[in-house]
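A short write-up of the structure that comes next.
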Amino acid sequence: MVTLRNITAENCDECFALQVRDDQRTFVAPNVRSLAEAWVFHAVARPFAIYNDDTMVGFVMLDLNPYQKGNSEQCFLWRFMIDEKYQGKGYGKAALREVISYVKTTLHPKTLETSVVPGNVGAEKLYNSFGFVANGKYDGGEKILVLDMAGA
């Protein structure tokens, strides 16, 4: 069963070791950078390890306050990756389902947003399958996708 768990002193090295395939490295930052950003932006960043039973298979990080200070109507899926050894096994879908459930039941925003690097067809297809749609905006060259949480 896929679950989200906190990053701790006991599992951080395992998280650092997770990697995407070589051809995907321009699509997502290394987890060590993400955890450094989580430390710097600790007031709004929520990093989680993605586990399948007791095996760490990926990493996800949310930004609780993406564009406007004090705006709790939005949440941003800042980072999302599945380790190269575990891709193609359904963990990405299961993890995204868990992320959406966590956001909906714990944070209660109106929208969950994310972004995709142009050319990351697999990620965009995954997000679209959950109801994320492009809103016509870009951030740093990345396409913004939005999920209406009322329908999620």
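Bear in mind that the values in this text are calculations on the coordinates, not laboratory data. Everything quoted here is computed from the prediction, not taken from an experiment. Glycine also receives a Cβ, built like all others from the backbone with ideal geometry; neighbour counts cover every protein chain displayed.
Near the amide H of Val20, under 5 Å away, which other amide H atoms are found, from residues 5 or more places off or on another chain, if H is placed in the peptide plane?
When sequence neighbours closer than 5 places are left aside, the close amide H contacts are Glu84.
In deg cm²/dmol, rounded to 500, what helix-only [θ] at 222 nm does the chain give when every DSSP H run of at least 4 residues adds -39500 (n - 2.57) and the total is split over its residues?
Helix-only estimate at 222 nm: -7000 deg cm²/dmol.
Can you compute the charge dipole magnitude of segment 65-152 about its Cα centre, using +1 on each Lys and Arg Cβ and -1 on each Asp and Glu Cβ, nothing else charged? Give it in debye, rounded to the nearest 20.
On the way: 11 positive and 9 negative charges, 30 e Å.
The dipole of segment 65-152 has a size of about 140 debye.
Which three extents, in whole angstrom, do the alpha-carbon atoms of segment 1-79 cover along their principal axes, largest first?
In descending order, the Cα extents are 36, 27, 22 Å.
For the chain, what relative contact order do you get, as a whole percent, if you take Cα pairs closer than 8 Å and at least 6 residues apart?
On the way: 250 pairs, mean separation 30.3, N = 152.
With pairs under 8 Å counted, the relative contact order is 20 percent.
Pull out a ≥ b ≥ c, the square roots of the eigenvalues of the alpha-carbon gyration tensor of segment 83-152, then state rounded if a/c is under 1.5, prolate if not and a/b is larger than b/c, and oblate in the remaining case.
Numbers: a/c = 2.06, a/b = 1.05, b/c = 1.96.
Because a/c hits 1.5 or more and a/b fails to exceed b/c, segment 83-152 counts as oblate.
List the pairs from Lys89/Lys125; Lys110/Lys137; Lys104/Lys137; Lys85/Lys110 whose alpha-carbon separation is above 26 Å, in the order I gave them.
On the way: Lys89/Lys125 16 Å; Lys110/Lys137 18 Å; Lys104/Lys137 23 Å; Lys85/Lys110 34 Å.
Too far apart for the 26 Å limit: Lys85/Lys110.
What spacing in nm lies between the two simple spin-label points modelled at Val121 and Gln19, each 7 Å away from Cα in the Cβ direction?
2.5 nm
Hey, what's the per residue convex hull volume over the C-alpha atoms of segment 2-148, in cubic angstrom?
On the way: hull volume 16.2 nm³, N = 147.
It is 110 Å³ per residue.
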